[in-house]
Amino acid sequence: MIRYTIKRLLYLIPILFGVTFLTFLMLYLAPSDPISMKYSSMATVGDSKYIEEKKEEMGLNDSFIKQYTRWSKNVLSGDFGISTKYNVPVKDEIAKRLPKTLALTGTSILITIFLAFPLGIISAKYKNKWIDYIIRFFSFTGISIPSFWLGLMLMYIFSVKFKLLPIVGSKGIKSLILPSVTLSVWLVAVYIRRIRACILEEINKDYVVALESKGISSSKIMLFHILPNSLLTIITMFGISIGSILGGTTIIETIFEYRGLGKMAADAITNRDYFLMQGYVIWTAIIYVVINLLVDILYKYLNPKIKIGDDSL
């Protein structure tokens, strides 16, 4: 297990190289530059001579390889650069915003667990009954509704109409409610379908018939046999969904002006803030790899028969 963990963490090196190289290349090829965009955001033209001097000072006139090599060397020494938009070290800006994004994603995942599992189980247990149709209709609707539209509707109803929750911002627990609900609706809808499908697949297996013939109650079979076996597939799907969850926070944070990593990334792209965007990419890649590693370890814990290490898994 230790060798496998170290091996997976070492995979971070080529992953980080690949994603940072491609991100840096796309930003480099994009029109305009951080200095010009900074003046544009302030609704000023700026002196062209000063802009060129500033670009030369920051090395923006250098070739792509030279810029990327210089940035990589600085990162290895712990220097992620200075954000051109906020004029603060990138690592400080990320450290300030990371807890907010973790709170948003963590709350959304908890909502998903507490809603998707019972609804998915009920839908599978009462297959093709009226309650199953209702839950499946909700699931289909939740997947179909665009997150940005749902966020705007929730904002209008609970913030503008009834004035129960703040419209935008990221201060206090109240400001976390609407973004986390908006993000979790899609997750709940997706996982209801997945949990239902996994449980229905297990219900039709021979061991369930054998347990029922022994007189074991259906609730005990569901809780101690069907659900644990279904978890293996569900956990694997969760690991695959991490990218979608991280991507979803960017949209939600932008709508609600929630000052997390997603909003920071959107601002960095708009302002061509190379260093800030690269810092976001690094942290996102690390989070993605680490969470998938934890999913693999949990998979091994739930099913000890699976071998982890070398080419096995």
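The values are calculated or read from the model by the stated rules, or taken from the named source; none is laboratory data. Just so it is clear, the structure is predicted and the values come from calculations on it, not from any experiment. Heads up, the Cβs are rebuilt from the backbone with ideal geometry, glycines too, and the neighbour counts pull from every protein chain shown. When the accessible area is computed, the model is the full protein with side chains, heavy atoms only, and any ligands, DNA or RNA have been set aside. Shrake-Rupley method; radii C 1.70, N 1.55, O 1.52, S 1.80 Å.
Side notes on the structure shown:
- Test: residue in the stretch 113-124 that is part of a loop (DSSP other than H, G, I, E, B) and open to solvent by 50 Å² or more (accessible area, probe 1.4 Å): no
- Of the numbered criteria (1) without any contact (Cβ under 8 Å) to a residue 24 or more places away in the chain; (2) surrounded by fewer than 17 Cβ atoms within 10 Å (Cβ to Cβ); (3) part of a helix (DSSP H, G or I); (4) not charged (D, E, K, R), the one Leu164 fails is (3).
- Flag if Ser219 is in a helix (DSSP H, G or I), more than 30 Å from Val88 (Cβ to Cβ) and open to solvent by 30 Å² or more (accessible area, probe 1.4 Å): yes
Results for (1) farther than 24 Å from Arg136 by Cβ; (2) touching a His at 6+ places or on another chain (Cβ under 6 Å); (3) surrounded by fewer than 23 Cβ atoms within 10 Å (Cβ to Cβ), shown as yes or no for each residue.
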| residue | (1), (2), (3) |
| --- | --- |
| Ile195 | no, no, no |
| Glu202 | no, no, yes |
| Leu227 | no, no, yes |
| Ser230 | no, no, no |
| Ser244 | no, no, yes |
| Ile252 | yes, no, no |
| Ile255 | yes, no, yes |
| Ile287 | yes, no, yes |
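- Here Ala189 meets each of (1) open to solvent by 10 Å² or more (accessible area, probe 1.4 Å); (2) over 19 Å from Thr250 (Cα atoms); (3) in contact with a Ser or Thr (Cβ under 7 Å, 6 or more places away or on another chain); (4) in a helix (DSSP H, G or I) with one exception, condition (1).
- Contact map, the stretch 276-296: first residue more than 18 Å from Ile109 (Cβ to Cβ) and in contact (Cβ under 8 Å) with a residue 24 or more places away in the chain, second residue in a helix (DSSP H, G or I) and of a type in the set (S, T, N, Q), Cβ cut-off under 7 Å, separation 6 or more or different chains; pairs are Met277/Thr23; Gln278/Thr20; Gln278/Thr23; Val281/Thr20; Val281/Thr23; Ile282/Thr20.
- Just so you know, in the stretch 32-69 the residues that are under 32 Å from the mean Cα position of the chain (by Cα) and not in a helix (DSSP H, G or I) include one that is modelled with the lowest pLDDT, and it is Met42.
- Filtering Thr84, Thr101 for residues that are open to solvent by less than 60 Å² (accessible area, probe 1.4 Å), of a type outside the set (Asp, Glu) and either modelled with pLDDT of 90 or more or in a helix (DSSP H, G or I) (or both) leaves a single hit, Thr101.
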